[in-house]
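Undergrad: Mind having a look at this structure? Questions to follow.
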Amino acid sequence: MSAALDPRPCFGANPDVSGIGVRIAIYAQNLLSFAPALLALKDKKVTPTELDALETQSTTILITAFAILVSTIVQARTSGISNYHTSIVLDLSWMNNTNLFIYLLLYTYRRVNLSDDELEEEAKDRLRYPVERLTRWIYEARKAI
């Protein structure tokens, strides 16, 4: 029997990486991530609330991409992984990273369209917010004790 007619696959299936469910979930997640960006641009203004929501969304998707990469590294060290499946993981991770590019574009769009006074006020708010959040967290921790 020649190699071309051999019914056995060249490498084993790995549904955790190349399974239809995994791939559809990542494709859907990335396609749906465009919806908030398009809605934010509908009125030609990107508000701080919309920008924060997109930042949270991008962070969540990046964490997913990182988790996929870590699980691939673990699998490569323990049971091994084929080059084909490694390529799929890298492609899916790259697709997840495009979401951060959407956030960067909207952030740049907002910054370009703000006046100098609005930029100054936004910078003050960005510095104030982490301090307020940390203060609130310390207050809640002390109250719990």
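The values are calculated or read from the model by the stated rules, or taken from the named source; none is laboratory data. Keep in mind that what you see is a predicted model, and the values were worked out from it rather than measured. Every residue, glycine as well, gets a Cβ built from its backbone with ideal geometry; the counts of neighbours run over all protein chains shown. The protein model used for the area step is the full one, side chains on, heavy atoms only, and it has no ligands, DNA or RNA in it. Shrake-Rupley method; radii C 1.70, N 1.55, O 1.52, S 1.80 Å.
Undergrad: If a residue has to be open to solvent by 40 Å² or more (accessible area, probe 1.4 Å) and assigned to a helix (DSSP H, G or I) to count, how many in the range 67-85 make the cut?
TA: 12
Undergrad: Same structure, new question: Quick one: what pairs do we get from the range 30-59, first residue over 12 Å from residue 109 (Cβ atoms), second among the small types (Gly, Ala, Ser) and surrounded by 11 or more Cβ atoms within 10 Å (Cβ to Cβ), C-beta under 7 Å, 6+ apart or different chains?
TA: Pairs that qualify, where the first residue is over 12 Å from residue 109 (Cβ atoms) and the partner is among the small types (Gly, Ala, Ser) and surrounded by 11 or more Cβ atoms within 10 Å (Cβ to Cβ), are 36/53; 57/33.
Undergrad: Right, next: Would you mind stating whether residue 89 is outside any helix (DSSP H, G or I) and either touching a Leu at 6+ places or on another chain (Cβ under 8 Å) or modelled with pLDDT of 85 or more (or both)?
TA: Spelling it out, it is not the case that residue 89 is outside any helix (DSSP H, G or I) and either touching a Leu at 6+ places or on another chain (Cβ under 8 Å) or modelled with pLDDT of 85 or more (or both).
Undergrad: So is residue 98 at pLDDT 85 or above and either more than 19 Å from the chain's Cα centre (by Cα) or assigned to a helix (DSSP H, G or I) (or both) or not?
TA: No, not satisfied.
Undergrad: Could you pull out every one of the helices (runs of 4 or more DSSP H) wholly within the range 4-66 that has 1 or more residues that are open to solvent by 70 Å² or more (accessible area, probe 1.4 Å) and either hydroxyl-bearing (Ser, Thr, Tyr) or modelled with pLDDT of 85 or more (or both)?
TA: Counting at least 1 such residues, we get 20-32, 34-42.
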